[in-house]
Every structure is written in C-alpha cells, then in structure tokens.
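Asker: Got a structure for you, questions after.
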C-alpha cells in the first residue's frame, strides 16, 4: 500500500556533514577548520565551503541512435570517472524496467542506452553485466521482451542478472534514515565493482521525480521485498531511497532523458521529449540537475531533501555543470495536481 | 519423444532447485517442482523436493523463501501445495507438515488500512502479504487461497475474505496486476501472469457480476504463442481450471519448449510448463472444482 506523506520528510537543512564515501579535500578541511574557529557567526560560510561538491555532465541527444556511444564515452570522462581504473573490473548496468509495455516505451530505459553503455565500458576493459529487479511484475522475461531489451542483450552477448531472484547477501543499513536494520542485496550487486544507475527520467506521483537514486529500488530482490517492494513503502519511500543509496556507494548515473515521462509517472504518465543525457558520479547531484531540467525544486523532492549534503550536493552552487548549460534546455514538466506535490515548483 | 520428456527429465534430476541454474535452493521452484513431478507420477523425485521443504520448515510451520533464510515466508502456501500433491500417492505423507503450515497461514494476516480514496481497492480487507507486516497483494493471496482449499478450508472465514479481496482487485475490464486497481484516480494496467494465478484461485467461485469471467476473457485475448514462459504457463493453468483452455495450448507449449531464450528461467520454468501441459490430473487445476 503506497501512502507516503512527504511532509513528514522535511529536508534537514542543518545537516552539513558529508557521509557515505564523500571525502573532504585537504583544502576544504583547512579552510573549514580556520573558519570554524572564527565562531558561529561564520557558520553559513563554513558550511558552504565544506559541503560536498560534484559535477554533472549534460549532453544533447536527438534520439536513440549510434551517436549515443560517443556521448556516453565523452560524458563519463567529462563527469570525472577514472576510466583507466575500470580495466578488469565488474560493471553492472541497472536500467529501469519497472513494468515495461511495448506501447509505452517512455516508461522504461531505452535498450539503446544500455547497449551503448556496455560498449563504452567494455572498451575500457570492464566486464559488463545488466541487472534489474522489476518492481511490479514477476515474469522478468516478459519485462525484458516488453521493454525491448531481450534481443539486444542477446545480440550483444550481455549477461542479464534477474535481481528479483538472485542469491542474496545481508548488508547493515548504514544510512539509518528508515527503521530497517539492513538490506538483502543480490549477490551480483554486492560483488559489482561499479553499479551504473540508468533510469528513465520521469515525474513520480508520490515523490515528484524519479531518476538515478529512486531507480536503485530495483536492485532489491522481489523475493525478499515483494511485488511491489512494499516493505520499503512501509519503512518510508524517501528514507529507504536514502538508505539503499548509502548501502551501495559504488554508483554512478547515466540518465535516459531523451524520451521522458511527465504527469502520472512512473507508470501511467505521458511522453515528453527532452532530448538529453545526464551523467555524473554523484547521484544526488545528477538527480538535482534532472529536477532543474524539469523545473522542479530539488529541495522539495523528499529523498533529495534527505540526501542533500549527506550523500551529495543538490544546491546548484555546489554542482559543477559540464557539457551543455542546463538553463536554456529546461522544460516545465507536467506534475499531477495533488496536495503532496504542490510545493515542487521553484519559487 | 514428447516435448515434455526433456524438461521432465531435467526436473527429476534436480527437484531441489533455485531460481537460476546453480543458485541456492529456494522454496518456490522446489515446491513447483514437487507439484509438477507429482502430476507426472514421478513420486521419487517429487518426494526429494517435498522432503527438502519439510526439512526447511520452521517450528512455527512457516517455510521461508530459500535455504539459510528465516524470512520472508510467503512461500508457505506453495510448500503446502507441494506436500498435498503427494497425497494422491500416499495420504499419510507430510500430514504434520501440512497441518502446521496451514495453521500458520490461517493466523498470518496482512495489514489493513482505513479507506483513504488514494487507491481504488478496499484496503480494509485482509488476506496475505509478501512480507509479514505489509499490505495484501494478489499473488500471495491467491497462493494462500489455493493452499487452504487444498486442506479443506474453502469455507473458512479467512478464505472467504481472501476471495472477496481477489475479486475486489480485478480490474473492471478484466485482468489484474500485482494488486492495485486505481491509484490517485487513475486505472492501472493488467498483466497476464498475476491474472492467471488469480483466476485459478477463483475458479468455482460465484461470479454474479461477471468479474472473474471478464478476467478469463482478458487472459484468452492476451495469451498467444509469443507469450513468455511464466505468463503463458499461468494463463493456461488458469484458463484450464475454468474449462477455457485454448485449442492452441499444446502447440504453444511445444514451441516454447524448443524456443531458445537467453533468459535463465531455471527449473521453475520447466515446472510451470509441465504443469501447464496438464489438462487434468494436476492438483492446481482439479482443486478449485472440488
């Protein structure tokens, strides 16, 4: 039963301590240390300096054609991924196949994105697999067929791991925002050196927006959490999005923002062409950029509010935009008229 | 050589199985293996699967999803059906296991909620969840209904309420999904696999408003030789239980058995295809008619 109350999850604006793998530079620590000594009056300045920063790369993409490979290749480098370290490493590509339907391709990640990403990571010497645990359907083979994914995966000889049914390992809940003690993670996820969250950019009728952070709901196995993954709903959607992201820190994002969804997403919304790819090594920064492109206030998206300055930055000032400038590319995505979504528009 | 000889042979050689080849033993594929092997009178292999389920049963009667796990236990009804499938061979087998598991099912209950208008279904009804402490959904409820009916609890108040819940979760035009009809006023889409399981559990139930028949209609319209293995199997089992088995069913199953798929469906795929090949002599199909 989905009954989130986003108003219960007001972003904690006082939190500035970076967590979960984000590192302060020596310079920021030194600056922060001396400023802190100057007293509480300087706290806003201190916070601005020591809070984490990240980059988000933005590229135009007219469609799902051969140019995607070059876009992803250049974008991943521009986003700061240390590609030389990928040789021999295992990379798990995680598209969104929540409830695929041939007649609604704007609901799920386009297979061309996955094929292009696989080609790029393989060119850097990585071992690439694709994994997903569809949230609403138990017949994963059907999800692959309806999502147009089965044939390309077969053609490219890409192994697919059904994350709903994979063997699991237990991981303690390091995020501690929900009441869950820990998570059962598929072995394929726990053992991957790098997980690439590859969502379709969509509006979401509970959270406002779904992109790379929420996409990680799909790494949790349905066998343990159900169809839908109702355990997570009961523990709080924003809190569990945060905790799952904290549990798998070795993530980057490639967002399919070419043919998107607006309105009643993540399932029943309508197509909206944006023609972009968003890439980054910090998921909150990527998702906050996605929000700006949809004219949504990232701070009002409950899980981004929680993640801000803990898992990564969402403030525009702390996200270095690379590639295209987002401002002229932003479009006002339709959001359903519901009380819990009315604060999503920027002031 | 019939098409089912190869999957039957594979299943008989590995009746205690996981979701993928080489993965840890799990209760769902092992239960379905036991039922499929029983339906083919392969009692020895069926007993190996049923014995594993018995060894995996917890003191409270529940059966967890896989070896080494203590929760979740939504697989308990499937274990009951597996043990019950051997009763036609020997009525004395697994009686204590069935009794303890059915007692557990009867006391387990999903979380209900007051009507809010957010979702279209009646949130006050209770049945069975995937995970204890959460809401009721179509598939675990259908599994529990089938298990309780197999134990003679068809008229039990819990079974009756669960049947009401399943009917309530059917979409107006027929079919169902995981268990939501509308969310925030928007009608959702049906899917074949959960609809197959739901109509199987509802076979033989009164249908004054035609909701069950419309869901069987939905299955008839949406199953074909192109349907993937799990969905095809559950659609055929459901339709067969309603006496509406498509004329092309055997050809579809034959074609499916020879189709190469890069998707590893494990032994569960073999088990459900074997069950779908049964027009009768199968606990799942005969059960609702009793």
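Every number here is computed from the coordinates shown, using simple stated rules; none is lab data. Since this is a predicted model, take the numbers as computed values, not measurements. Using ideal geometry, Cβ is built from the backbone for each residue, glycine included, and neighbour counts are taken over all protein chains shown.
Asker: Compute the separation of the alpha-carbon centres of the stretch B:127-154 and the stretch A:197-215 and state it in Å as a whole number.
Answerer: Using only Cα atoms, the two centres lie 32 Å from each other.
Asker: Moving on. What is the calculated FRET efficiency for residue B:111 to residue B:51, with r their C-beta to C-beta distance and R₀ = 35 Å, to the nearest 0.05?
Answerer: It comes to 0.55.
Asker: Given C-alpha coordinates of the protein assembly as shown, what is the ratio Rg to Rh with the Kirkwood estimate of Rh?
Answerer: My calculation of the ratio gives 0.99.
Asker: Going by C-beta contacts inside 10 Å, put B:259, A:127 in order with the fewest on the left.
Answerer: Ordered from fewest to most neighbouring Cβ atoms within 10 Å, B:259, A:127 come out as B:259, A:127.
Asker: Let me ask something else about it. Mind ranking A:139-148, A:331-340 by how tightly packed they are, going by the mean number of other C-beta atoms within 10 angstrom, highest first? Before the final figure, lay out each step's value.
Answerer: Details: A:139-148: 23.7, A:331-340: 15.2.
Descending mean neighbour count gives A:139-148, A:331-340.
Asker: Quick one: if you stick a label point 7 Å off each Cα along the C-beta vector at residue A:187 and residue A:170, how many nm between them?
Answerer: 1.8
Asker: Using the beta-carbon distance between residue A:321 and residue A:127 and R0 = 30 Å, what value does 1/(1 + (r/R0)^6) give for FRET efficiency, to the nearest 0.05?
Answerer: For R0 = 30 Å, the calculated efficiency reads 0.40.
Asker: Using the Cα atoms as the points, what is the convex hull volume per residue of the stretch B:152-290 in Å³? Display every interim value, and only then the final one.
Answerer: Working: hull volume 17.7 nm³, N = 139.
With only Cα atoms used, the stretch B:152-290 gives 128 Å³ per residue.
Asker: Build a GNM of chain B with springs between Cα atoms under 10 Å: which of B:45, B:231, B:261 gets the top mean-square fluctuation?
Answerer: Comparing B:45, B:231, B:261 in a Gaussian network model of chain B, the most mobile one is B:261.
Asker: So for chain A, averaging the separation of alpha carbon pairs under 8 Å that are six or more residues apart and normalising by length, what relative contact order in percent results?
Answerer: Computed value for chain A: 24 percent relative contact order.
Asker: Let me ask another. Which value, in Å³ per residue, describes the convex hull spanned by the Cα atoms of the stretch B:31-81?
Answerer: Once divided by residue count, the hull of the stretch B:31-81 is 63 Å³.
Asker: Points 7 angstrom from Cα along the Cβ direction at residue A:331 and residue B:189: gap in nanometres?
Answerer: Going by the 7 Å Cα→Cβ label model, 2.1 nm.
Asker: Going by Cα centres, the stretch B:238-290 and the stretch A:75-128 are how many Å apart?
Answerer: 36
Asker: Per residue of B:259-266, how many C-beta atoms from partner chains lie within 10 Å of its own C-beta, taken as a mean? Please list the in-between numbers first.
Answerer: Working: counts 0, 1, 5, 11, 12, 6, 5, 2.
For peptide B:259-266, the averaged partner shielding equals 5.
Asker: Would you calculate a helix-derived [θ] at 222 nm for chain A, using -39,500 (n - 2.57) for each DSSP H run of n ≥ 4 and dividing by the full residue count, to the nearest 500?
Answerer: -8000 deg cm²/dmol
Asker: Relative to the longest principal axis of chain A, what angle (0 to 90°, nearest 10) does the C-alpha long axis of helix A:237-247 take?
Answerer: 90
Asker: Exposure proxy check: A:291, B:282 ranked by fewest other beta carbons within 10 Å?
Answerer: Numbers: A:291 25, B:282 22.
Ascending number of Cβ neighbours within 10 Å: B:282, A:291.
Asker: Could the peptides A:208-217, A:152-161, B:146-155, A:189-198 be put in order, highest first, of the mean number of other beta-carbon atoms found within 10 Å of their residues?
Answerer: Peptide ranking by packing, descending: A:208-217, A:189-198, B:146-155, A:152-161.
Asker: I'd like the orientation of helix A:67-78 relative to chain A: the angle between its Cα long axis and the longest Cα principal axis, in ° from 0 to 90, rounded to 10.
Answerer: The angle comes out at about 30 degrees.
Asker: Evaluated at 4 °C with a viscosity of 1.567 mPa s, what Stokes-Einstein diffusion coefficient in µm²/s does the stretch B:145-194 have when Rh comes from the Kirkwood expression over alpha-carbon pairs?
Answerer: In µm²/s, the coefficient rounds to 108.
Asker: Using only the alpha-carbon atoms, how far is helix A:26-37 inclined from the longest principal axis of chain A? Give it as 0 to 90 degrees, nearest 10.
Answerer: Tilt relative to chain A: about 40 degrees.
Asker: Provide the convex hull volume over Cα atoms per residue for the stretch A:47-126, in Å³.
Answerer: Once divided by residue count, the hull of the stretch A:47-126 is 148 Å³.
Asker: I'd like the mean, over residues of A:186-192, of how many other protein chain beta carbons sit within 10 Å of each residue's own Cβ.
Answerer: Mean shielding count: 0.
Asker: Using a 10 Å cut-off on Cβ to Cβ distances, tally the other chain neighbours for every residue of B:179-185 and report the average as a whole number.
Answerer: The per-residue average across the peptide is 4.
Asker: As a check on your grasp of the helix formula, calculate [θ] at 222 nm for chain B: sum -39500 (n - 2.57) over DSSP H runs of n ≥ 4, divide by the residue count, round to the nearest 500. Before the final figure, lay out each step's value.
Answerer: Numbers: 13 runs with 145 residues, N = 290.
Taken over chain B, the calculation gives -15000 deg cm²/dmol.
Asker: How much length, in nm to one decimal, is gained on full extension between residue B:161 and residue B:1, taken as 0.36 nm per residue of separation minus their Cα-Cα distance? Let's see the in-between values first.
Answerer: On the way: separation 160, 0.36 × 160 = 57.60 nm, distance 4.56 nm.
Separation in residues times 0.36 nm, less the Cα-Cα distance, equals 53.0 nm.
Asker: Share of Cα-Cα pairs in the stretch A:262-323 beyond 17 Å, in percent?
Answerer: Distances greater than 17 Å cover 43 percent of the Cα pairs.
Asker: Still on this model: Which of these, A:315, A:85, A:62, has the largest mean-square fluctuation under a Gaussian network model of chain A (Cα springs below 10 Å)?
Answerer: A:85
Asker: Same structure again: Once Rh is set to the Kirkwood radius over Cα pairs, what Stokes-Einstein translational diffusion coefficient, in µm²/s, holds for chain B at a temperature of 4 °C and a viscosity of 1.567 mPa s?
Answerer: Working: Rh = 18.9 Å.
Approximately 68 µm²/s, per Stokes-Einstein.
Asker: Find the percent of Cα-Cα distances in chain A that exceed 34 Å, and round it to a whole number.
Answerer: Cα-Cα pairs in chain A separated by more than 34 Å: 18 percent.
Asker: I'd like the distance separating the alpha-carbon centroids of the stretch B:43-89 and the stretch A:217-241, in whole Å.
Answerer: About 26 Å separates the Cα centre of the stretch B:43-89 from the one of the stretch A:217-241.
Asker: Set the Förster distance to 41 Å, then compute FRET efficiency between residue B:58 and residue B:250 from the Cβ-Cβ distance, nearest 0.05. Walk me through the intermediate numbers first.
Answerer: On the way: r = 40 Å, r/R0 = 0.98.
According to the calculation, E is roughly 0.55.
Asker: Which percent of the Cα-Cα distances in the stretch A:158-205 go past 14 Å?
Answerer: In whole percent, the share of Cα-Cα pairs in the stretch A:158-205 beyond 14 Å is 66.
Asker: On to the next question. Using only the alpha carbons, work out the radius of gyration and Dmax of the stretch B:219-279 in angstrom.
Answerer: 10.7, 33
Asker: Could you check which residue among B:61, B:238, B:265 shows the biggest mean-square fluctuation in a GNM of chain B with a 10 Å Cα cutoff?
Answerer: With Cα springs under 10 Å in chain B, the top fluctuation among B:61, B:238, B:265 is at B:265.
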